[in-house]
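**Q** Got a structure for you, questions after.
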Amino acid sequence: MAQSLTKTIGAAALNIANLADEDHAVLSLRSSMSQQWLEEYIAESYITVDPLVLQAAHAPRQQVLTSEGMLACDRSETVERAYGAGLAAYGYDRLLTFKFADGNNPHTKLVVFAGDLSEHDFHRAHNERELQQVAALIAAFVDEPQEVEPHLARLIARQPLSDRERDVLSLLATGFRNDEIAYRLGIAEVTVRAHVVAARKKLGAKTREQALVEAIRTKQIAP
């Protein structure tokens, strides 16, 4: 359904990302972009300069990123410029992003339409309301994947645990229940569960028990 809607508006590719509100870590990601481009994105650590991720908390509900804007960076030979050049080379020189809050979790969902202006001028072919409606449908009906696609998993796995995720896992390791952790940290129990899920995905663990073992092994929490 999502890919069909993406083609309907004339975009070349679709990205759907869930970001943690607290530290903007990527919790899950789906993408129909070229696998070769995604491999380059991961290998060159473009996530560290990607404004769609870095500015998610303060960005408006709709924003447009262009490769031209990235290439206009004053400093030459920067990662930002390389990112912009890569977008243009792979035919993603315009990224139209819609941001949606997740009312049940401390997450922000990004729906990103990508295309080459010379072939996919979707931004001008459709008005803002039409594009917003399509993005909202995708955000509402595309669930967060239970398992990350293999070629995207490394992007998430490279991220260290956030301070709050370490706090939650440390208390879990001590034997506290979710409700007790919520009370101690002054957060909602649903937020505790969300932090556990986020930590588990970053650690590549299928269960919370495996997550605790991996967090201790990588010295992100004390044994």
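The values are calculated or read from the model by the stated rules, or taken from the named source; none is laboratory data. Remember, it's a predicted structure, so these values are computed and weren't measured experimentally. Note that each Cβ is placed from the backbone with ideal geometry, even for glycine, and that neighbours are counted across all protein chains shown.
**Q** From the list LEU38, LEU14, LEU27, LEU19, which residue is within 16 Å of ALA82 (Cβ to Cβ) and either touching a residue at least 40 places away in the same chain (Cβ under 8 Å) or in contact with a Pro (Cβ under 9 Å, 6 or more places away or on another chain) (or both)?
**A** Only one candidate qualifies: LEU38.
**Q** When residues of the stretch 113-152 are filtered for being under 25 Å from ILE47 (Cβ atoms), modelled with pLDDT under 85, out of contact with any Asp or Glu (no Cβ under 8 Å at 6 or more places or on another chain) and not in a helix (DSSP H, G or I), how many remain?
**A** Total meeting the criteria: 9.
**Q** I'd like to know if the stretch 20-32 contains one or more residues that are in contact with a strand residue (DSSP E or B) (Cβ under 9 Å, 6 or more places away or on another chain) and of a type in the set (Val, Ile, Thr).
**A** Yes, the stretch 20-32 has at least one match.
**Q** Confirm whether ALA85 is in a helix (DSSP H, G or I) and either among the hydrophobic types (A, V, I, L, M, F, W, C) or modelled with pLDDT of 75 or more (or both).
**A** yes
**Q** Quick one: in the stretch 1-30, of everything that is more than 20 Å from ARG94 (Cβ to Cβ) and among the hydroxyl-bearing types (Ser, Thr, Tyr), which residue is surrounded by the fewest Cβ atoms within 10 Å (Cβ to Cβ)?
**A** Filtering the stretch 1-30 for residues that are more than 20 Å from ARG94 (Cβ to Cβ) and among the hydroxyl-bearing types (Ser, Thr, Tyr), the one surrounded by the fewest Cβ atoms within 10 Å (Cβ to Cβ) comes out as SER4.
**Q** Contact list please: Cβ distance under 8 Å, first residue in the stretch 204-223 and without any contact (Cβ under 8 Å) to a residue 40 or more places away in the chain, second residue assigned to a loop (DSSP other than H, G, I, E, B), pairs at least six apart or on different chains.
**A** Pairs found: VAL213/ALA205; GLU214/GLY204; GLU214/ALA205.
**Q** From the list MET33, MET70, exactly one residue is in a loop (DSSP other than H, G, I, E, B) and crowded, with 18+ Cβ neighbours inside 10 Å. Which is it?
**A** MET33
**Q** Report yes if some residue within the stretch 44-57 is at pLDDT below 85 and over 22 Å from ALA88 (Cβ atoms); otherwise report no.
**A** Checked against the condition, which is being at pLDDT below 85 and over 22 Å from ALA88 (Cβ atoms), the stretch 44-57 yields at least one hit.
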